[in-house]
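What follows is calculated from the coordinates using simple rules that are stated; it is not laboratory data. Just so it is clear, the structure is predicted and the values come from calculations on it, not from any experiment. Don't worry about glycine lacking a Cβ; one is built from the backbone with ideal geometry, like all the others, and counts go over all protein chains shown.
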Amino acid sequence: MDDLKTQIGYLRGMADGLAIGEDTKEGKIITHIIAVLDEIVQTIEELQEDSNELYSYVESIDEDLTELEDTFLDELEADYDENDEQGYGNREVQLLEDMDDDDFDVSFSVECPECREEVAIDEDILEEEGSLEVLCPSCGRVVFINDEDWEEELDELENEGEEEEEEEES
């Protein structure tokens, strides 16, 4: 940043040394360009200060979150050990192992445009009232929105599919 300030000072010194003033059209433009460049440098400095402050704040939040996670995991492990002594420790794992893929009704899957992971969409989502977003579990990007626009797009896709079938039959 100091380099930019030095260069602006050099430009201002050259303009003064060449006696460039606001008495000519070119002089007016050059002095205004230098003034704008000076404002840009000041704005960049302020943004850099704000960025450093935000970075410090995010680091402090991250440290606090890590501390909370550690505390939560310690408590969770203590609860798990207590349940394990009573014979309940592996109950959830066993329930998950007993479930088949047929227990989940998947109507279709959508490929995430960001990370290209296939995201399974349950048919129950289509029946939900109101707007609902499905996020990619890997990158967190919205891959599906259940709203009126989606229903219209789904109808259009179905119509296109029917038209293609009719063309193939012809």
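Here are the numbers for the structure shown:
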| item | result |
| --- | --- |
| Förster-model FRET efficiency, 35 Å R0, Asp122 and Gln48, C-beta, rounded to 0.05 | 0.15 |
| For Cys136, Cys115, order by how many other beta-carbon atoms lie within 10 Å, fewest first | Cys115, Cys136 |
| Sequence of Val110, Val36 once ranked by neighbouring C-beta atoms within 10 Å, starting from the fewest | Val36, Val110 |
| Exposure proxy order (Cβ contacts within 10 Å, fewest to most) of Arg12, Arg116, Arg141 | Arg116, Arg141, Arg12 |
| Label-to-label distance, nm, for residues given as Asp62 and Asp23 (7 Å Cα→Cβ offset) | 5.8 nm |
| Cut-off under 5 Å, modelled amide H: who pairs with Phe144 long-range | Val134 |
| Calculated Rg and Dmax of the stretch 2-82 using C-alpha coordinates, Å | 26.3, 86 |
